[in-house]
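K.L.:
Please find one structure pasted underneath; my questions will follow.
The values are calculated or read from the model by the stated rules, or taken from the named source; none is laboratory data. Computed from a prediction, not measured in an experiment: that's the story for all the values here. Please note: Cβ atoms are built from the backbone with ideal geometry, for glycine as well, and neighbour counts cover all protein chains shown. Accessible surface areas use protein heavy atoms only, side chains included; no ligands, DNA or RNA. Shrake-Rupley method; radii C 1.70, N 1.55, O 1.52, S 1.80 Å.
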Amino acid sequence: MKRNQLVIGLMLLVLAVGACSRNRAVVPKVDMELLTLSKEEAFARAEALFEEKKWTRARRYYSHVYENYPNDPLGRRSLLKVADTYFHQGSPVNLIEAQYKYRDFINRYPGADSADYAMLQIGMVSFKQMERPDRDQTKTKEAVEKLSQMIAAYPNSSYRTEAQDRLQQALDRLAKHDHIVARFYMKRGNFKAAIDRLNGIVDQYPGYVDRSETFFDLAISLERSGRKGEARLYYERVMAEFPESSSARKAKQKLEDFQA
């Protein structure tokens, strides 16, 4: 009997110890190396790792500087660099995190010299997620909106030229999407729908890289719709505005056929 009681007591003791160990708070490990570095040394270490494209390791040092010196110029720069590490890693999850960090930077330091860069990068996150012209263009529209906001908010920014270049690329993507749709209508013989879509490109995207082809396709669609007078005007416009393009050579042939 006594032996059984002893066994039961030991079992209860083991269970109690196990329960305590499970309920005990886990103490996070402290990175002793970071504690021995000054903020300047930690930031320099992060910059070296960033140059080596070791994004995750660099982020550890940047985060340490920001979390311990949030109001110091190095702390502010570190928060922005944390966002950059996520941006360069580039996966969908990392891009979401990057956009969050850039927004966090603007919210915390709206008057900072780098706020324009952070706003540019918010647009660049959407830009980086754009689909091909024949796919869904939701992210492209987001990029257009965010880059336009950056240019409006910081008209004198040193990043303005880059923002405008990226904005035009995004607008070209949207125009190309509509151009693909218009040509689909043309192949199906639905020239009215093609004309509507092509006119939309002409009105909405004046800087479209394939504008000469847009005019030529519009002339073709008008001609096939029996509107030859309007078609002639667009053939002539192709030759006048884009004389060195392949569309101009095709337009010249069309006008010669009209005269014949």
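K.L.:
Might you check whether a residue that is part of a helix (DSSP H, G or I), under 30 Å from residue 219 (Cβ atoms) and out of contact with any strand residue (DSSP E or B) (no Cβ under 9 Å at 6 or more places or on another chain) occurs anywhere in region 142-159?
P.N.:
Among the residues of region 142-159, at least one is part of a helix (DSSP H, G or I), under 30 Å from residue 219 (Cβ atoms) and out of contact with any strand residue (DSSP E or B) (no Cβ under 9 Å at 6 or more places or on another chain), which makes the answer yes.
K.L.:
Of all residues being open to solvent by 60 Å² or more (accessible area, probe 1.4 Å) and touching a residue at least 40 places away in the same chain (Cβ under 8 Å) in region 161-173, which is farthest from residue 117 (Cα to Cα)? Just the residue, please.
P.N.:
173
K.L.:
When you check residue 183 against the structure, is it of a type outside the set (A, V, I, L, M, F, W, C), open to solvent by less than 80 Å² (accessible area, probe 1.4 Å) and under 30 Å from residue 124 (Cα atoms), yes or no?
P.N.:
The answer is no for residue 183.
K.L.:
Next question. Would you point out which residue out of 127, 105 is of a type in the set (Phe, Trp, Tyr) and over 29 Å from residue 199 (Cα atoms)?
P.N.:
105
K.L.:
A follow-up question, please. So residue 226 ticks every box in (1) in a helix (DSSP H, G or I); (2) exposed (fewer than 15 other Cβ atoms within 10 Å of the Cβ) but one. Which box is left unticked?
P.N.:
Only one criterion in (1) in a helix (DSSP H, G or I); (2) exposed (fewer than 15 other Cβ atoms within 10 Å of the Cβ) is unmet by residue 226, namely (1).
K.L.:
Let me ask something else. Working only within region 234-248, note down all residues that are open to solvent by less than 70 Å² (accessible area, probe 1.4 Å) and either farther than 24 Å from residue 185 by Cβ or of a type in the set (Gly, Ala, Ser) (or both).
P.N.:
Once the filter is applied, which keeps residues that are open to solvent by less than 70 Å² (accessible area, probe 1.4 Å) and either farther than 24 Å from residue 185 by Cβ or of a type in the set (Gly, Ala, Ser) (or both), region 234-248 yields 239, 245, 246, 247, 248.
K.L.:
Further question: Determine whether residue 97 is more than 26 Å from residue 153 (Cα to Cα) and of a type in the set (Asp, Glu).
P.N.:
No, not satisfied.
K.L.:
Give region 30-50 a look and list any residue that's assigned to a helix (DSSP H, G or I) and either of a type outside the set (D, E, K, R) or farther than 15 Å from residue 77 by Cβ (or both), or say none.
P.N.:
Of everything in region 30-50, those that are assigned to a helix (DSSP H, G or I) and either of a type outside the set (D, E, K, R) or farther than 15 Å from residue 77 by Cβ (or both) turn out to be 32, 33, 34, 35, 36, 42, 43, 44, 46, 48, 49, 50.
K.L.:
Does residue 231 satisfy the criteria of being touching a residue at least 24 places away in the same chain (Cβ under 8 Å), out of contact with any Gly (no Cβ under 6 Å at 6 or more places or on another chain), of a type in the set (A, V, I, L, M, F, W, C) and open to solvent by less than 30 Å² (accessible area, probe 1.4 Å)?
P.N.:
Spelling it out, it is not the case that residue 231 is touching a residue at least 24 places away in the same chain (Cβ under 8 Å), out of contact with any Gly (no Cβ under 6 Å at 6 or more places or on another chain), of a type in the set (A, V, I, L, M, F, W, C) and open to solvent by less than 30 Å² (accessible area, probe 1.4 Å).
K.L.:
Also, quick follow-up: Please determine, by comparing only the residues of region 109-138 that are within 14 Å of residue 81 (Cβ to Cβ) and open to solvent by 30 Å² or more (accessible area, probe 1.4 Å), which one is farthest from the chain's Cα centre (by Cα).
P.N.:
Looking at the filtered set, the residue picked out is 114.
K.L.:
Can you pull out the residues in region 59-101 that are assigned to a helix (DSSP H, G or I), among the hydroxyl-bearing types (Ser, Thr, Tyr) and without any contact (Cβ under 8 Å) to a residue 24 or more places away in the chain?
P.N.:
The answer is 62, 63, 66, 100.
K.L.:
Still on this structure: Can you pull out every residue in region 41-67 that is in contact with a helix residue (DSSP H, G or I) (Cβ under 7 Å, 6 or more places away or on another chain), open to solvent by 60 Å² or more (accessible area, probe 1.4 Å) and farther than 22 Å from residue 93 by Cα?
P.N.:
45
K.L.:
Scan region 224-245 and give yes if some residue there is under 28 Å from the mean Cα position of the chain (by Cα) and modelled with pLDDT of 95 or more, otherwise no.
P.N.:
No, there is no match, as no residue in region 224-245 is under 28 Å from the mean Cα position of the chain (by Cα) and modelled with pLDDT of 95 or more.
K.L.:
Kindly indicate whether any position in region 150-160 is basic (Lys, Arg) and either at pLDDT below 95 or surrounded by 18 or more Cβ atoms within 10 Å (Cβ to Cβ) (or both).
P.N.:
Within region 150-160, none of the residues are basic (Lys, Arg) and either at pLDDT below 95 or surrounded by 18 or more Cβ atoms within 10 Å (Cβ to Cβ) (or both).
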